[in-house]
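A.B. asks: Below is a structure I'd like to ask you about.
The values are calculated or read from the model by the stated rules, or taken from the named source; none is laboratory data. None of these values were measured; they are calculated from a predicted model. Cβ: placed from backbone, ideal geometry, glycine included. Neighbour counts: every protein chain shown.
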Amino acid sequence: MRTYPPRAAVVNLLLGVPAVVPVWLLWYFAVNWPLKALGWTVGEPTENDGPLPWLVLAGPLVLAFTALWWLANDGLRRRSGRGRGYWSLSVALTLLPTGVIIAVP
């Protein structure tokens with residue numbers, strides 16, 4: 001059984017630091033529009049611009065980060081020879097800094 005490459009772990013943890021911004025933007029969008037429309041959350045009371053400005057501003061940022069993350073991990077995965085387990089661990093390591101920020105006051 002092959003282990004997760006240490007270089008990939010470092011790359012994903014480092015990519016996780018700037019990933020805090022796209023993750024927050026996606027969460028803010030989800031809370032204020034689709035989840036609020038379903039009645040699952042209470043949105044920001046001062047948010048009255050609608051979702052279009054968020055899609056125009058946050059969309060390219062999230063897409064650019066996702067493309068950067070994918071390109072970095074695709075090359076590392078090919079060199080390591082790992083399959084599905086590589087991607088789930090890469091996502092978890094990338095989200096780890098965001099989880100730490102949420103958990104640690």
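A.B. asks: Which one of these is surrounded by 10 or more Cβ atoms within 10 Å (Cβ to Cβ), within 28 Å of Trp87 (Cα to Cα) and touching a Leu at 6+ places or on another chain (Cβ under 9 Å): Leu13, Leu71, Leu26, Leu55?
C.D. replies: Values: Leu71 fails: touching a Leu at 6+ places or on another chain (Cβ under 9 Å); Leu26 fails: touching a Leu at 6+ places or on another chain (Cβ under 9 Å); Leu55 fails: touching a Leu at 6+ places or on another chain (Cβ under 9 Å).
Result of the check over Leu13, Leu71, Leu26, Leu55: Leu13.
A.B. asks: To continue, here is another question. Which numbered condition in (1) surrounded by 13 or more Cβ atoms within 10 Å (Cβ to Cβ); (2) farther than 22 Å from Leu14 by Cβ; (3) not aliphatic (A, V, I, L, M) is the only one that Glu44 fails?
C.D. replies: Failed condition: (1).
A.B. asks: Quick one: Arg82 ticks every box in (1) more than 16 Å from the chain's Cα centre (by Cα); (2) assigned to a helix (DSSP H, G or I); (3) crowded, with 16+ Cβ neighbours inside 10 Å except a single one, so which number is it?
C.D. replies: With (1) more than 16 Å from the chain's Cα centre (by Cα); (2) assigned to a helix (DSSP H, G or I); (3) crowded, with 16+ Cβ neighbours inside 10 Å applied to Arg82, the lone miss is (2).
A.B. asks: Okay, moving on. Mind checking which pairs have a first residue in segment 1-30 that is in contact (Cβ under 8 Å) with a residue 60 or more places away in the chain and a second that is surrounded by 14 or more Cβ atoms within 10 Å (Cβ to Cβ) and among the charged types (D, E, K, R), Cβ under 8 Å, 6 or more apart or different chains?
C.D. replies: Arg2/Arg82; Tyr4/Arg82; Pro5/Arg82; Ala8/Arg77
A.B. asks: Follow-up. Given (1) under 21 Å from the mean Cα position of the chain (by Cα); (2) free of Cβ contacts under 8 Å to residues at least 60 places away in the same chain, where does Ala37 come up short, assuming only one miss?
C.D. replies: With respect to (1) under 21 Å from the mean Cα position of the chain (by Cα); (2) free of Cβ contacts under 8 Å to residues at least 60 places away in the same chain, Ala37 is out only on (1).
A.B. asks: Among the candidates Trp54, Trp33, Trp87, which residue alone is of a type in the set (Phe, Trp, Tyr) and in contact with a Gly (Cβ under 8 Å, 6 or more places away or on another chain)? So that I can check it myself, show each step before the final result.
C.D. replies: On the way: Trp54 fails: in contact with a Gly (Cβ under 8 Å, 6 or more places away or on another chain); Trp87 fails: in contact with a Gly (Cβ under 8 Å, 6 or more places away or on another chain).
Among Trp54, Trp33, Trp87, only Trp33 is of a type in the set (Phe, Trp, Tyr) and in contact with a Gly (Cβ under 8 Å, 6 or more places away or on another chain).
A.B. asks: For the structure I just gave you, tell me whether Val31 is more than 12 Å from the chain's Cα centre (by Cα), surrounded by 13 or more Cβ atoms within 10 Å (Cβ to Cβ), hydrophobic (A, V, I, L, M, F, W, C) and modelled with pLDDT under 95.
C.D. replies: yes
A.B. asks: Something else: Checking the condition over 13 Å from the mean Cα position of the chain (by Cα), assigned to a helix (DSSP H, G or I) and modelled with pLDDT of 90 or more, which residue from Ala64, Ala8, Ala92 passes? Before you say what the answer is, go through the steps one by one.
C.D. replies: Details: Ala64 fails: over 13 Å from the mean Cα position of the chain (by Cα); Ala92 fails: over 13 Å from the mean Cα position of the chain (by Cα).
From the options Ala64, Ala8, Ala92, the qualifying one is Ala8.
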